[in-house]
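First the structure, in the form of structure tokens, and then the observations on it.
No value in this document is a laboratory result; all are computed from the given coordinates. Note that the coordinates shown come from a computational prediction; the quantities given were computed from them, not determined experimentally. Here the Cβ positions follow ideal geometry from the backbone for every residue, glycine too, while neighbour counts run over all protein chains shown.
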Amino acid sequence: MTVADSFAGKLAVVTGGGSGMGRELVRQLAAEGCSVAACDWHPDALADATAAARSGAPPGVLVTGHACDVSAEDQVLRFRDEVLQQHSTDHIDLVFNNAGVGGSPSFVRDSREAWERTFAVDWCGVYYCARAFLPLLIASGDGVLVNTSSVAGFWATGGPGAPNTAYSAAKFAVKGFTEALIEDLRSNAPQVRVALVMPGHVGTDILANSRRAAGAPDPEAMTRAQLEEWIPASARPGLVRAGLLAADPSADDLRRLLVRLETDFRDKARLTAAKAATIILDGVRSGAWRILVGQDATLIDAAVRASPEAAYDYPALFSDLAERAKSSQAAGEA
Ligand SMILES: NC(=O)c1ccc[n+]([C@@H]2O[C@H](COP(=O)([O-])OP(=O)(O)OC[C@H]3O[C@@H](n4cnc5c(N)ncnc54)[C@H](O)[C@@H]3O)[C@@H](O)[C@H]2O)c1
């Protein structure tokens with residue numbers, strides 16, 4: 001399979017292009033001379049992202065924005081038809097299945113409806129877009145399907161007291177599907193290849209965006225019951241041990257914590273969305289099918305594959321990760 005030196009002159013589809021890594025993929029692809037059709041279910045954020053991408057793009061690059069909820073197949077098909085029409089094309093070269101949300105961590109505690117909503121965005125969104133766009137990638141003669149999974153696609157927990165069932169189930173599905181496509185495409189459509197993106201912690205607004213997607217208000221406007229739903233009892237001991245929460249928190253303590261968790265997630269990550277998008281694009285350009293994003297992703301991947309049985313034995317896993325981090329620091333790795 002050809003490895004692309006550059007995406008200039010190609011046409012890429014990016015889902016979830018309004019924020020975070022998707023927004024940066026749109027911007028960086030356009031700056032490189034690649035036309036982009038981006039979708040998001042937040043038209044305002046998308047309009048802002050596509051305007052920014054257009055302003056940094058060389059002449060001749062077309063960047064279009066499309067309102068679409070990727071978990072609704074009829075909207076995905078309409079998005080595909082709009083792309084074909086607005087870009088006057090009969091093929092697409094690159095599809096970045098990037099849109100995603102967190103939420104409904106507990107299969108036991110959370111409602112079935114909320115659980116299935118998260119799963120539908122994170123799995124069905126990838127599946128419907130793959131169904132809709134694969135024939136157009138085949139028609140490209142040199143297509144690449146890039147599916148974003150997560151560390152949660154090979155390590156199915158958020159850590160002690162932090163289950164992550166809907167998101168992990170969907171991200172494992174994305175990983176399994178993408179790996180299964182390697183042989184399917186090799187056998188049946190060798191002009192297309194797939195890449196699997198597995199980010200660790202990347203500084204984006206995904207926590208706040210996921211809260212809004214679930215219909216929850218800003219923390220300042222939450223009732224005590226809503227706060228307790230968002231910071232469940234099972235997560236509290238860890239937060240108290242980490243010095244983030246008082247043992248007997250008031251509603252205002254919980255509100256402040258929620259704001260802090262969302263902003264720290266965005267602002268205190270080692271990797272920015274821009275850097276993550278560059279790693280993704282470099283990986284796709286290199287021909288890699290397995291793109292780990294961030295040192296945390298690399299270390300957790302190595303630890304879980306070395307000792308699968310210890311993956312959910314936190315003391316054992318964390319001490320293995322600490323050793324691996326020390327060795328990689330000694331070896332001068334980032
Ligand atoms: N940020 C991280 O640490 C991290 C880690 C691992 C994996 N990921 C994955 O990376 C991808 C991008 O995440 P991000 O951190 O940039 O998040 P983000 O919230 O900043 O951006 C995601 C974008 O997707 C859009 N979106 C969500 N659901 C949608 C839907 N149903 N239809 C259309 N658009 C939708 C959102 O509106 C948002 O603009 C996601 O798949 C996420 O699960 C993120």
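Brief remarks on what is shown
- On full extension, the segment bounded by Arg78 and Arg290 gains 73.3 nm, given 0.36 nm per residue less the C-alpha separation.
- Histogram of C-alpha separations across region 1-64, 10 Å bin width, %: 27, 54, 17, 2
- P(r) tail fraction, region 216-265 - alpha-carbon pairs more than 18 Å apart, %: 20
- Value of Rg to Rh for region 228-334 (Rh from inverse mean 1/r over Cα pairs, i.e. Kirkwood): 1.05
- Exposure proxy order (Cβ contacts within 10 Å, fewest to most) of Met198, Met222: Met222, Met198
- Inter-label distance for Asp44 and Val240, nm, one decimal - labels placed 7 Å from Cα along Cα-to-Cβ: 3.9
- Intensity falloff of region 150-297 expressed as log10 I(q)/I(0), Debye formula with alpha-carbon point scatterers, at q = 0.17, 0.18, 0.20 Å⁻¹: -1.05, -1.14, -1.30
- Long-range HN-HN contacts of Thr64 with modeled amide H, under 5 Å: Val36, Ala37, Ala38
- Kyte-Doolittle at least 0.5, axis length at least 15 Å by Cα - qualifying DSSP helices, the chain: 125-140, 273-286
- Per residue Cα convex hull volume in Å³ - calculated over region 118-237: 116
- Alpha-carbon spread of the chain, three principal axes, descending order, Å: 61, 45, 35
- Coordinate range of the alpha-carbon atoms in region 33-176 per principal axis, descending: 51, 31, 26 Å.
- Loop-resident trypsin sites (Lys or Arg not before Pro) (DSSP state other than H, G, I, E or B) in region 257-334 with no more than 10 further Cβ atoms inside 10 Å of their Cβ: Lys268.
- Restriction of the GluC sites (Glu not before Pro) in region 174-238 to DSSP coil positions whose beta-carbon has at most 13 other beta-carbons within 10 angstrom yields no sites.
- Sum of -39500 (n - 2.57) over DSSP H runs of 4+, divided by residues of the chain (222 nm, nearest 500): -16000 deg cm²/dmol
- Contact order normalised by residue count of region 35-131, Cα under 8 Å, 6+ apart, percent: 26
- Here the translational diffusion coefficient of region 109-182 follows from Stokes-Einstein with Rh set to the Kirkwood radius across Cα pairs; for 20 °C and 1.002 mPa s it amounts to 160 µm²/s.
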